[in-house]
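Input: a single structure, listed below in structure tokens.
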Amino acid sequence: MRFLDSHFRTRILSYLFQCSLATGAISLILFMLNLLTYPGLVSALGATVFIVFTLPHTFTAQNRVLIGGYAIGIVICIFFSFLSDLFVLPATGYNGFDILFGGLAVGTTTLLMVATDTEHPPAVGIALSLIIKPWNLYTIGTILLFVSILALVRMLLSPIMINLR
């Protein structure tokens, strides 16, 4: 039975370097977004950090896929959250349609990502998270900024990063 990756010992510096980058990246997002307010967003972005820094040469880590997937997820979320707001019961402020629109956001985001060849699974989580928790332009801007920074770092460091598997 094997507990360590067979390449771990020979590539330990790469493992340490890339995992340190992942630690710094998620720490930045935790600083910028409140974990208690947006746990779904932080979880989705954490999954993206994992992909970008541990599997940088895979399809889902490509910048086109990364940015495209998040752009689709955000646009779909905005669309369905505006639709959802039309169904808020004024007396209670309760919106019983969040579940329906959350499901539609996930399904539509998935369809558009597959159709445009930008399948980045954590971006589907963003679409759902932004339906469930109220969002604002700061939140959207933070997500876009963070994903752009990840794409830039991945592009710059791609020649020295390896897939850690």
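The values are calculated or read from the model by the stated rules, or taken from the named source; none is laboratory data. These numbers were taken from a predicted model, which means no experiment stands behind them. For neighbour counting, all protein chains shown are included, and Cβ atoms are generated from backbone atoms with ideal geometry for every residue, glycine included. These accessible areas exclude ligands, DNA and RNA; they are computed on the full protein's heavy atoms, side chains included. Shrake-Rupley method; radii C 1.70, N 1.55, O 1.52, S 1.80 Å.
Conditions tested, residue by residue: (1) in a helix (DSSP H, G or I); (2) surrounded by fewer than 16 Cβ atoms within 10 Å (Cβ to Cβ); (3) touching a Pro at 6+ places or on another chain (Cβ under 9 Å).
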{"residue": "4", "(1), (2), (3)": "no, yes, no"}
{"residue": "16", "(1), (2), (3)": "yes, yes, no"}
{"residue": "20", "(1), (2), (3)": "yes, yes, no"}
{"residue": "71", "(1), (2), (3)": "yes, no, no"}
Matching residues in region 45-63 - criterion: being within 15 Å of residue 144 (Cβ to Cβ) and open to solvent by 10 Å² or more (accessible area, probe 1.4 Å): 63
Candidate set: region 33-44, residues that are among the small types (Gly, Ala, Ser) and closer than 25 Å to residue 162 by Cα; chosen: the one most open to solvent (accessible area, probe 1.4 Å): 43
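Every residue, every condition in (1) aromatic (Phe, Trp, Tyr); (2) open to solvent by 30 Å² or more (accessible area, probe 1.4 Å); (3) modelled with pLDDT of 90 or more, yes or no:
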| site | (1), (2), (3) |
| --- | --- |
| 121 | no, yes, yes |
| 129 | no, no, no |
| 135 | yes, yes, no |
| 138 | yes, yes, no |
| 145 | no, yes, yes |
| 148 | no, yes, yes |
| 152 | no, yes, yes |
| 156 | no, yes, yes |
| 163 | no, yes, yes |
